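Here the structure comes first, spelled out in structure tokens, and everything after it is commentary.
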Amino acid sequence: MFKDVDYYAGDPILGLVDKFFADSNPNKVNLSIGIYYDKDSKLPVLECVKTAEQRIADPITPRPYLPMAGLLGHRLGCQNLLFGKDAPVLQQGRVATIATIGGSGALRVGAEFIHRWFPKSKCYVSDPTWGNHIAIFEGSGIEVGSYPYYDKANSRIKFDEMLEFIEKLNKHDVVLLHPCCHNPTGMDLTREQWDKVLEVIKQRELIPFMDIAYQGFGEDMDSDAYAIRKAVDMGLPVFVSNSFSKNLSLYGERVGGLSVVCPSADEAERVFGQLNFVVRSIYSSPPSHGGHVVDIVMNDDKLYQQWVGEVYGMRDRIKAMRLKLKSVLEAKLPEQNFDYITRQNGMFSFTGLNPEQIERLQSDFGVYLISNSRMCIAGLNVDNIDYVANAMVEVLKE
Ligand code: LMR
């Protein structure tokens, strides 16, 4: 009956994590998946999350179904974080926000909505992008193309080509953008460049879909949302998918949100209803535990401040690792340029290593990078950084 079902080749990121765990090399280092590990290579449980979980556990309460859109406090938490607490667009009731099953769930619900109401729209993602962006939009029946973004040979953004490409798109085509900490390159647009891209989007009446999974890991919570807020100020309709996986270190709880900025409160109400309908037809309503954690942390001033401090702690440790990696590599290979490491933001560095070098890092040293050359800097610490740098030197010097 199932003999014609194709084998699944596996996911390039999640499959590599499985391979890493199966590797018996005692020195192995996992720099593949976008997960923040602390200075001791441990997945942190944030202090603000511990407090929230204690509140949830004492007393233990019943677990009814949540509303299709999730908890109100979760939804408001997303809105305040993305648009700013007193943003006029929120006061005007122009944002339809639902809690989602991680950032991936937000992307999928958004894509399903777009395919239903804008069936002719195509979606354009950056070249390169997070691989799952393509699978999620194609899975919703949307044709996916890509716009030029990164020049691997020169470690720079191909800004002129990007702009030129977007200028040719059709009305209501979707442009998927990473407001901060671009995955996989770590190279973000400057504010000036964002302004230009958004101007073209406005003129061409395109739909910007901003996927923000690393808010707080770039500059700070507000600066990282620059592109989103600028698009709102320009009066654009905007889709925003956000994830709390990384910044709340709640990967397995699958907590995120989808917000759609609309021209009027009436349209926001319609969109909100249709987003609920999409949710109902896929998974009915989101799970409650992670939603309660988000609700508590985002809506308690003290816990919120504590959370921001904890995120900045993670951000600063990653930045310190970038500096250290760059200086070790520069000392050992002075003829090569490693400036790109500190020009990139967030968890990732696009190293530009070729497939043979990546394969050698894995087989000879147990150092795991994604096959597109992306390294998760958040997996480095003072105990493994010299080992990783030396391994890189070995494969680079040949
Ligand atoms: C990544 O890019 O490594 C993360 O977003 C995790 C994932 O699901 O791929």
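Values in this text are rule-based calculations from the coordinates and carry no lab data. All figures in this text were calculated on a predicted structure; none of them were measured in a lab. Reconstructed Cβ throughout: ideal geometry from the backbone, glycine too, with neighbour counts over all protein chains shown.
When the chain is treated as a GNM, springs tying every alpha-carbon pair under 10 Å, which of ASN384, ASN30, ASN337 comes out with the largest mean-square fluctuation?
ASN337
For the stretch 206-290, what is the per residue volume of the convex hull drawn over the alpha-carbon atoms, in cubic angstrom?
111 Å³
Report the Cα centroid-to-centroid distance between the stretch 88-156 and the stretch 319-366 in angstrom, as an integer.
29 Å
Given 25 °C and 0.890 mPa s, compute D for the stretch 335-386 with the Stokes-Einstein relation, Rh being the Kirkwood radius over Cα pairs; round to the nearest whole µm²/s.
D, rounded to a whole number, is 208 µm²/s.
Under the rule a/c < 1.5 gives rounded, and otherwise a/b versus b/c splits prolate from oblate, where does the stretch 1-154 land using the Cα gyration tensor?
Oblate shape, in that a/c is at least 1.5 and b/c is the bigger or equal ratio.
Considering every Cα-Cα pair within the stretch 9-93, what fraction, in whole percent, is farther apart than 15 Å?
Of the Cα pairs, 78 percent sit more than 15 Å apart.
Amide H to amide H under 5 Å from ARG374: which residues, 5+ apart in sequence or cross-chain, H placed 1.01 Å off N in plane?
Here THR351 satisfy the definition.
If I take every Cα pair under 8 Å that is 6 or more residues apart in the chain, average their sequence separation and divide by the length, what percent do I get for the relative contact order?
27 percent
Taking just the alpha-carbon atoms of the stretch 307-355, what radius of gyration and Dmax come out, in angstrom?
Expressed in Å, the Cα Rg and Dmax of the stretch 307-355 come to 12.6, 42.
Amide H to amide H, which residues 5 or more places from ILE207 or on other chains are under 5 Å from it, using H placed in the peptide plane?
Correct list: HIS172, ASP173, VAL174, VAL175.
Taking the Cα centre of the stretch 107-158 as origin, sum charge times position over the Cβ atoms of Lys and Arg (+1) and Asp and Glu (-1), and report the length of that vector in debye to the nearest 20.
About 120 debye.
What does the helix-only formula give at 222 nm for the chain: each DSSP H stretch with n ≥ 4 adding -39500 (n - 2.57), the total divided by the residues, and the result rounded to the nearest 500 deg cm²/dmol?
Result for the chain: -14000 deg cm²/dmol, rounded to the nearest 500.
Calculate, for ASP233 and GLU167, the FRET efficiency according to 1/(1 + (r/R0)^6) with r their C-beta to C-beta distance and R0 22 Å; round to the nearest 0.05.
That gives a FRET efficiency of 0.55.
What are the residues whose amide H is under 5 Å from the amide H of GLY145, where those residues sit 5 or more places off or on another chain and H is modelled from the backbone?
CYS123, TYR124, VAL125
When only C-alpha pairs under 8 Å and at least 6 residues apart count, what is the relative contact order of the stretch 301-398, in percent?
Relative contact order here is 31 percent.
For the stretch 378-387, in order, what is each residue's ³J(HN,Hα) by Karplus, 6.51 cos²θ - 1.76 cosθ + 1.60 with θ = phi - 60°, in whole Hz (x at glycine and Pro)?
Using θ = phi - 60°, the values come out as 5, x, 8, 8, 4, 7, 10, 5, 5, 4 Hz.
With only Lys, Arg, Asp and Glu charged, each at its Cβ (+1 for the first two, -1 for the last two), find how big the charge dipole of the stretch 110-263 is about the Cα centre; round to the nearest 20 debye.
Its charge dipole is roughly 320 debye.
Using the Cα centre of the chain as origin and beta-carbon charges of +1 (Lys, Arg) and -1 (Asp, Glu), tell me which of HIS292, PRO355, MET68 is placed farthest towards the positive end of the dipole.
The listed residue farthest towards the positive side: MET68.
Could you please tell me the mean projected area of the C-alpha convex hull for the stretch 1-44, averaged over all directions and given in square nanometres to one decimal?
4.9 nm²
Lysines near LYS326 by alpha-carbon distance under 30 Å, same-chain residues fewer than 8 away left out - which ones?
Hits, sequence-local ones excluded: LYS19, LYS28, LYS39, LYS42, LYS152, LYS158, LYS246, LYS397.
Bins of 10 Å, beginning at zero and ending with the bin holding the largest distance: percent of Cα pairs per bin for the stretch 246-398, please.
That works out to 9, 27, 23, 20, 15, 5, 0, in percent per bin.
With θ taken as phi - 60° and the coefficients 6.51, -1.76 and 1.60, list the Karplus ³J(HN,Hα) couplings across the stretch 69-82 in order, rounded to whole Hz; mark glycine and proline as x.
Karplus values, whole Hz, x for Gly and Pro: 8, x, 6, 4, x, 5, 5, 5, x, 4, 4, 4, 5, 7.
For ASP127, project a label point 7 Å along Cα to C-beta. Then give me every residue of the stretch 140-155 with its amide nitrogen under 13 Å of that point.
Once the point is set 7 Å along Cα→Cβ of ASP127, 145-152 turn out to lie under 13 Å by backbone N, inside the stretch 140-155.
Per residue of the stretch 15-20, in order, report the coupling 6.51 cos²θ - 1.76 cosθ + 1.60 (Karplus, θ = phi - 60°) as ³J(HN,Hα) in whole Hz, putting x for Gly and Pro.
x, 5, 5, 4, 5, 4
Out of all Cα-Cα pairs in the stretch 44-126, roughly what percent, to the nearest whole number, are more than 16 Å apart?
The calculated P(r) of the stretch 44-126 puts 70 percent of pairs beyond 16 Å.
Can you give the Rg to Rh ratio of the stretch 142-250, both from alpha-carbon atoms, with Rh computed by the Kirkwood formula?
The Rg/Rh ratio comes out at 0.95.
Return the inverse of the average 1/r over all pairs of distinct C-alpha atoms in the chain, which is the Kirkwood hydrodynamic radius, in Å to one decimal.
21.9 Å
Rounded to whole Å and sorted largest first, what semi-axes of the equivalent ellipsoid does the C-alpha gyration tensor of the stretch 133-180 yield via the square root of 5 times each eigenvalue?
Result for the stretch 133-180: semi-axes of 22, 14, 9 Å.
Mind checking the stretch 36-122 for trypsin sites (Lys or Arg not before Pro) that DSSP puts in a loop (not H, G, I, E or B) and that have at most 12 other Cβ atoms within 10 Å?
LYS42, LYS85, LYS120
Above 13 angstrom, tally the Cα pairs of the stretch 81-122 and express them as a % of all pairs, no decimals.
Result: 65 percent of Cα pairs exceed 13 Å.
Springs between alpha-carbon atoms under 10 Å, Gaussian network over the chain: tell me which of PRO237, PRO26, PRO62 tops the mean-square fluctuations.
The residue that fluctuates most here is PRO62.
So which trypsin sites (Lys or Arg not before Pro) in the stretch 292-398 are both in a DSSP loop and have at most 16 other Cβ atoms within 10 Å of their Cβ?
Of the trypsin sites (Lys or Arg not before Pro), the ones in loops of the stretch 292-398 whose Cβ has at most 16 other Cβ atoms within 10 Å are LYS397.
With charges set only on the Cβ (+1 for Lys and Arg, -1 for Asp and Glu), what does the dipole of the chain come to about its Cα centre, in debye to the nearest 20?
460 debye
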